[in-house]
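Asker: This is the structure, below, for whatever I ask next.
The values are calculated or read from the model by the stated rules, or taken from the named source; none is laboratory data. For clarity, every value in this text was computed on a predicted model and none was experimentally measured. So basically every Cβ, Gly included, is an ideal-geometry build from the backbone, and we count neighbours across all protein chains shown. To get the accessible areas, we keep the full protein, side chains included, count just its heavy atoms, and leave off ligands, DNA and RNA. Shrake-Rupley method; radii C 1.70, N 1.55, O 1.52, S 1.80 Å.
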Amino acid sequence: MSGMRTERAGERKCRILAIETSCDETSAAVVEDGKRILSNVVSSQVETHRLYGGVVPEIASRKHVESITWIIEQALKEAKLDASSIDAVAVTQGPGLVGSLLVGLVSAKALAAGLGVPLIGVHHIAGHIYANELIGEIRYPAMALVVSGGHTELVHLPERGRFEKIGQTRDDAVGEAYDKVARAIGLPYPGGPHIDRLAQQTDDELPMPRAWLEQESYDFSFSGLKSAVLAVLNQARMKGEPVIPARLARGFQESVIDVLVEKTMRACEAYGVRQVLLAGGVAANKGLRAAMTARCEAAGLPLLIPPLSLCTDNAAMIAAAAFLKWERGAFSPLELKAEPLLALETW
């Protein structure tokens, strides 16, 4: 980019305008020095996709096209800045739905080129992890548990900006499992909040299996648990017996939380980390937040959990992660492509 402006004369703060369109939230934010949120505007498509019981990619990308311009304008307005005050434009490069990613990428490229500022491509999961830096200081080495509708991963952070994925789901992501179980019980999409609410209503859980896998493995598997829930429902229907939804929800959630928390704490001990990070949409789950808090307190490990507004997809987290690249001068070319399967380790 000839004539690219990388800093403003007499101004030491870095203001990044970030765009997030990896799935079904259209978001734009302005963040200062990677930590101070000046604005964070999110437009959700949940009501649209609820009609179909899940995200429809073609509809998601169309909704992004309809919303992206006014979302960016609103982010600048709430930050009380004009576009000339922006030092860089960040955007989610991947992973995500390719059609959705492309809408954000095209918008970010146009802005960066028009303003003459750097473009910074960001990994979506790096964004979720560094959402924690918007609320506190990350101490390294750290261990991040990433839980969302599309991801369930344990990520070791040996130092700032380095990621080592040590565990991941072998089938369903935890958020996906929540949605499928909720649908089986007859709850609306998205299922996670409804299962969590039901689970809080009883202490009498319906016992469910735990998938621990191999003894040394930090991987996860939730397809068997989902099948166990379906088996309970089918057997009850055949026998004409009622199933109390709260008991089933509690049993399912306790199984999920036990495995997530136990594997995370085991990994923390093995890697000698100084802090635990919770990240992703399912980090909003009250049961998981409470269980992880209790275990970390017992182990004497500091825990960072973003507020609910920063757990789900948002552009402020993308700006926070982009600031790491800003510090290194690691900018992206205007030929940047959407990468639906972008690897976290090489980001």
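Asker: Taking Rh as the Kirkwood radius computed over C-alpha pairs, what is the Stokes-Einstein D of segment 76-230 at 10 °C in a medium of viscosity 1.306 mPa s, expressed in µm² per second? Don't skip to the answer; put the middle values down first.
Answerer: On the way: Rh = 18.7 Å.
Roughly 85 µm²/s, to the nearest whole number.
Asker: A further question follows. Take the alpha-carbon centre of segment 254-320, take the same for segment 116-142, and report the distance between them in whole Å.
Answerer: Segment 254-320 and segment 116-142 have Cα centres separated by 16 Å.
Asker: Let me ask something additional. Against the empirical 2.2 N^0.38 Å scaling, what ratio does the C-alpha Rg of segment 228-347 come to?
Answerer: 1.47
Asker: Okay, moving on. List the lysines whose Cα sits under 27 Å from the Cα of residue 109, skipping any in the same chain fewer than 8 residues away.
Answerer: 13, 35, 63, 77, 80, 325, 337
Asker: Which ³J(HN,Hα) values in Hz, rounded to whole numbers, follow from the phi angles of segment 275-288 under the Karplus curve 6.51 cos²θ - 1.76 cosθ + 1.60, where θ = phi - 60° and Gly and Pro get x?
Answerer: The phi angles translate into 7, 10, 10, 10, 8, x, x, 6, 5, 7, 5, 5, x, 5 Hz.
Asker: While we're looking at this one, here's another question. Per DSSP helix of 4 or more residues, -39500 (n - 2.57); summed, then divided by the residues of the chain. What does that give at 222 nm, rounded to the nearest 500?
Answerer: Value at 222 nm, helices only, nearest 500: -14000 deg cm²/dmol.
Asker: Go through 328, 15, 197 and list them by solvent-accessible area, largest first, probe radius 1.4 Å.
Answerer: 328, 197, 15
Asker: Probe radius 1.4 Å, ligands and nucleic acids ignored: give me the carbon and sulfur share of the accessible area of segment 89-205 as a rounded percent.
Answerer: 49
Asker: While we're looking at this one, here's another question. Once you have all Cα-Cα distances for segment 141-281, histogram them in 10 Å bins from zero and send the whole-percent values.
Answerer: For segment 141-281, the binned pair fractions read 12, 40, 30, 14, 3, 0 percent.
Asker: Another question about this same structure. When only C-alpha pairs under 8 Å and at least 6 residues apart count, what is the relative contact order of segment 270-347, in percent?
Answerer: It comes to 31 percent, rounded to a whole number.
Asker: Please compute the alpha carbon radius of gyration of the chain, then divide it by the globular-protein estimate 2.2 N^0.38 Å. Two decimals is fine. Please list the in-between numbers first.
Answerer: On the way: Rg = 20.7 Å, N = 347, 2.2 N^0.38 = 20.3 Å.
Rounded to two decimals, the normalised Rg is 1.02.
Asker: Looking at segment 122-271, how many pairs of lysines come closer than 24 Å at the Cα, when each pair is eight or more places apart or spans two chains?
Answerer: Going through segment 122-271 pair by pair, I get 6.
Asker: I'd like to know how segment 1-150 sits against the 2.2 N^0.38 Å rule of thumb: what's its Cα Rg over that expected value?
Answerer: My calculation over the Cα atoms of segment 1-150 gives 1.07.
Asker: Which of 27, 64, 126 sits farthest toward the positive end of the charge dipole of segment 1-140, with +1 on the Cβ of Lys and Arg and -1 on the Cβ of Asp and Glu?
Answerer: Most positive-ward Cα: 126.
Asker: What is the set of long-range amide H partners of residue 120 at a cut-off below 5 Å, with H atoms built 1.01 Å from backbone N?
Answerer: It is 89, 90, 91, 332, by chain and number.
Asker: Only Cα pairs within less than 10 Å get springs; with that Gaussian network setup on the chain, which residue of 135, 86, 120 has the largest fluctuation?
Answerer: In the Gaussian network model the winner is 135.
Asker: For segment 135-214, state the average projected area of the convex hull of the C-alpha atoms over all orientations, rounded to one decimal in nm².
Answerer: 7.7
Asker: Using the Cα centre as the reference, give the magnitude of the dipole from point charges on the C-beta atoms of the chain (Lys, Arg: +1; Asp, Glu: -1; all else neutral), rounded to the nearest 20 debye.
Answerer: So the magnitude is around 300 debye.
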